Amino acid sequence: MKDPQRILRIRLLLVASAMVLFAAAIVVKLFVVQMADGGRWAARAEQVATAYRSVQPDRGHIYSDDGRLLATSVPEYEVRMDMRADGLTDALFHSRLDSLSAALSQLFRDREASAYRRDLLDARARGERYHLVKRRCDHEQLQTLKTFPLFKLGRFNSGLIVEKRTVRVRPFGRLAARTVGFVLKDSTVVGLEAGYAKWLQGVTGRRLERRLAGGVWMPIDEGTGQDPVPGSDIHTSIDINLQDVADAALEAQLRKHGAHHGCVVVMETATGYIKAISNLTRKGDSTYVEDLNYAIGTATEPGSTFKTAALMVALEDGLVRPTDTVDTRGGTARFHDRIMRDSHEGGYGRITVQRALELSSNTGISKAIHRAYATDPGRFVAGLRRMGLDQPTGVRVPGEPLPTLRSPGDKGWSGVSLPWMSIGYEVGMTPLQVLAFYNAIANEGRLMQPQLVRSITRTGNTVQQFPPVTMNPAICSPATLATMRRMLEGVVDSGTATNLRDAHFRIAGKTGTAQIARENLGYRVDGAVGYQASFVGYFPAEAPRYTAIVVVSSPSMSGYYGNVVAGPIFREIADKIHANRLELQTGLAVVEPDPRMPVTYGGHTRDLQAVFQALNVPASWVGEGEWCSTTATDSLVLVRPRELPDAGTHRVPNVLGMGLRDALYLLENQGLRVQVRGHGMVRRQSIQPGTVAGQGSTIILELAA
């Protein structure tokens with residue numbers, strides 16, 4: 001029998017020998033790694049710990065039509081310290097610690113000096129290379145911070161590290177916020193920020209950074225890398241004063257009628273440039289915010305505003321005349337298995353087609369269209385397509401849907417599609433698409449592309465311009481256009497929108513009241529019907545300068561008809577524009593002498609303020625502006641701001657009612673040569689205001705005392 005003790009000793013010897021051999025192998029490997037491969041591994045470690053990382057550029061600015069900032073990038077800084085900086089000795093650190101802590105506490109007012117001192121001491125003890133001092137610091141605070149004890153010695157001696165970030169802000173808050181757009185934390189962009197991203201975003205740079213413990217990256221200033229290139233600036237057509245009016249008028253009506261949301265768009269008729277666009281949604285706390293762009297991105301059944309398009313097709317095809325009559329009977333009409341009803345109980349009896357549009361009679365319009373196209377509904381749809389109602393506007397803001405316009409044979413087409421399409425159902429359009437169509441009526445048949453941006457500049461130099469774009473030079477014949485414009489004037493003069501009649505200027509347009517279909521639930525949910533009220537039109541009716549649309553969704557109080565809910569918003573905006581656009585006025589363009597008050601010329605606002613104050617002339621100032629016009633009344637001088645084109649645009653300014661000195665200054669700034677006849681104030685100018693005149697063109701001014 002073998003000796004158990006001997007076997008145990010042999011096993012222990014084997015285990016000990018294995019352990020010695022294993023330890024020897026480790027020592028040998030360490031020697032090889034350290035001596036033979038040390039350089040290679042050190043280089044790889046350095047390569048892993050440092051890398052070139054992207055540096056985002058500052059985005060370009062977004063400006064309003066008069067040069068005010070709608071969106072801009074504001075610098076924001078993060079302040080850190082390298083506690084192991086080569087020049088930051090213990091003696092230097094401790095000699096400046098108390099004064100530095102006190103200065104930081106006084107500047108940021110977020111912590112006591114003792115708290116700053118304790119944090120700096122702890123970071124020094126831990127040897128932190130990237131200690132956070134302040135996360136958000138503005139430019140003015142940074143400049144002050146650089147003068148503090150220790151920090152003023154520079155990065156090498158103080159360890160000061162400053163990282164710049166940019167924050168996107170909109171100085172005018174919610175005004176046009178959803179259209180101007182947002183830049184979200186995940187780099188998602190919407191609105192103009194997205195549509196013009198390739199100009200706004202600039203060129204990304206790169207810099208060398210070192211990775212520290214915890215995955216934090218610290219910039220290394222070695223003069224390598226590439227600086228980012230800031231983005232270009234875009235100049236919009238938005239009039240911020242008019243935008244403010246539109247926003248306030250819309251919110252007031254939304255609150256009055258308990259509506260869920262609404263939108264307003266105002267367009268310059270001749271050019272298609274959008275001057276104001278507001279989209280408001282009611283939140284749970286009863287506040288209204290700009291979070292969805294209904295005007296551009298939401299297509300609905302437009303309702304009665306589509307009746308104009310239906311009649312234009314029939315007029316153009318020669319199948320309907322304004323004087324044709326239709327019998328609305330008792331206000332109902334049967335088409336196959338469906339009953340159509342007028343909003344006016346009992347109907348209107350036998351009326352003309354023109355009167356049917358003015359009164360917005362569903363039965364009258366649908367009967368006229370059904371009579372004309374019942375045997376060939378495809379011709380009706382072809383006419384709508386011919387006018388471009390099946391095409392998007394192409395506005396450079398992401399999210400615009402295609403209009404919904406079915407044809408016979410398409411899915412969803414039925415025997416009642418023709419009459420219901422004629423009154424604005426079974427079609428889908430955005431408010432902006434409806435507005436573009438009405439703008440074409442106002443603009444002598446020219447369909448203009450809606451645009452929000454006039455130009456792009458870089459360091460003050462124009463790099464791209466966006467002139468007006470004509471999408472269709474003539475949506476119909478001049479005869480059809482003239483007929484339709486008379487009918488739209490009749491809507492305001494004696495139809496559903498008589499509450500928009502104005503003694504000073506004429507409005508033309510169309511009211512709309514549509515039931516809202518709620519996805520697959522139909523028009524009636526829980527016994528209730530939701531409505532959409534709208535008004536779209538232009539002014540002055542005889543020579544349109546502006547076209548606008550107002551859409552209010554789901555009003556729940558004080559009525560739901562377009563003239564009652566949407567009309568007052570349109571009226572308020574039109575009144576404001578008329579009051580502040582001298583070229584739209586007749587009585588305010590020229591100041592007539594009044595023996596009861598001193599005769600005053602229009603001119604520079606500050607000059608007039610000084611004169612009125614020195615002579616104790618009572619004056620009422622309506623609005624603000626660098627230039628103004630004046631009107632003498634029985635008791636005071638009424639002063640209104642005067643809108644003038646920017647210098648160098650070659651647009652002729654309105655100098656009526658001005659003195660010669662101010663008129664010469666403004667005209668010559670536009671590169672015009674001026675000939676003067678008479679003396680006194682300007683009573684007549686040979687080139688109409690707003691006209692684009694070539695460099696060196698001659699304008700004749702007639703003056704009269």
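The values are calculated or read from the model by the stated rules, or taken from the named source; none is laboratory data. Since the structure is predicted, the reported quantities are computational estimates derived from the model, not experimental observations. Note that each Cβ is placed from the backbone with ideal geometry, even for glycine, and that neighbours are counted across all protein chains shown.
Quick notes
- Residues of the range 670-701 classified as in contact with a strand residue (DSSP E or B) (Cβ under 8 Å, 6 or more places away or on another chain) and exposed (fewer than 15 other Cβ atoms within 10 Å of the Cβ), total: 14
- Within this structure, Asp58 fails the test of being modelled with pLDDT of 85 or more, of a type in the set (D, E, K, R) and outside any strand (DSSP E or B).
- Within the option set Ser95, Ser99, being among the hydroxyl-bearing types (Ser, Thr, Tyr) and either outside any helix (DSSP H, G or I) or touching a residue at least 40 places away in the same chain (Cβ under 8 Å) (or both) holds for one residue only, Ser99.
- The range 293-349 - residue that is of a type in the set (Ser, Thr, Tyr) and more than 19 Å from Arg486 (Cβ to Cβ) and, of those, surrounded by the fewest Cβ atoms within 10 Å (Cβ to Cβ): Ser343
- Just one of the listed residues (Leu666, Leu656) is of a type outside the set (D, E, K, R), in contact (Cβ under 8 Å) with a residue 12 or more places away in the chain and either part of a helix (DSSP H, G or I) or assigned by TED's automatic domain parsing to the domain that holds Ala270 (or both), and it is Leu666.
- Pairs are defined by a Cβ separation below 6 Å, a sequence spacing of at least 6 or placement on different chains, a first member in the range 286-299 that is over 17 Å from Gly173 (Cβ atoms), and a second member that is surrounded by fewer than 16 Cβ atoms within 10 Å (Cβ to Cβ) and modelled with pLDDT of 95 or more; the pairs so defined are Ala299/Pro401.
For (1) at positive phi; (2) exposed (fewer than 13 other Cβ atoms within 10 Å of the Cβ); (3) aromatic (Phe, Trp, Tyr), each residue gets a yes or a no:
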site: Thr457; (1), (2), (3): no, no, no
site: Pro473; (1), (2), (3): no, yes, no
site: Leu481; (1), (2), (3): no, no, no
site: Arg485; (1), (2), (3): no, no, no
site: Leu488; (1), (2), (3): no, no, no
site: Thr496; (1), (2), (3): no, no, no
site: Phe505; (1), (2), (3): no, no, yes
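- Within the range 131-175, being outside any strand (DSSP E or B), without any contact (Cβ under 8 Å) to a residue 60 or more places away in the chain and among the charged types (D, E, K, R) holds for Glu140, Lys146, Lys152.
- In the range 243-260, the residue that is modelled with the highest pLDDT out of those that are surrounded by fewer than 21 Cβ atoms within 10 Å (Cβ to Cβ) and touching a strand residue (DSSP E or B) at 6+ places or on another chain (Cβ under 6 Å) is Glu251.
- Search result, residues across the range 419-456 that are in contact with a His (Cβ under 6 Å, 6 or more places away or on another chain) and more than 18 Å from Val266 (Cβ to Cβ): Pro419, Ser455
- Helices (runs of 4 or more DSSP H) fully within the range 229-330 counting 2 or more residues that are within 27 Å of Arg59 (Cβ to Cβ): 240-257, 294-297
- Qualifying residue in the range 2-14 (condition: assigned to a loop (DSSP other than H, G, I, E, B) and at pLDDT 75 or above): no
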